[in-house]
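Novice: After the structure tokens below, expect a handful of questions from me.
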Amino acid sequence: MSIQRELTPCRYLSVDEFIEKNRRDGRPLVGRTATYEALRRGDLLHVRLGRKILIPEDAFDRMLAARPDPIPAATGDAAA
């Protein structure tokens, strides 16, 4: 059984590019470990080409839209 999906043209990013793109106020919204955990869980849409992982540019927005609980906005204050 094969699953067919309609492919839409989009730009794909490496994990490092994905983390760099999703920054707010100079700080990443999601770190490297959290990104790999989301990939492992299947929460983050991606394509594997050999060992290379490519993530659609809009995958972060899709992942946030699919979350049942909203992520609170970062205040920029570190907990002391």
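The values are calculated or read from the model by the stated rules, or taken from the named source; none is laboratory data. What you are looking at is a predicted structure, and each value in this text was computed from that prediction instead of being measured. Cβ coordinates were reconstructed from backbone atoms using ideal geometry, including for glycine residues, and neighbour counts include every protein chain displayed.
Novice: Provide a single number: the residues in region 24-54 that are in contact (Cβ under 8 Å) with a residue 24 or more places away in the chain and farther than 23 Å from Cys10 by Cα.
Specialist: Total meeting the criteria: 2.
Novice: Mind listing just one residue for me: the one in region 16-53 that is at pLDDT 90 or above, of a type in the set (Val, Ile, Thr) and surrounded by 13 or more Cβ atoms within 10 Å (Cβ to Cβ) and, of those, farthest from the chain's Cα centre (by Cα)?
Specialist: Ile53
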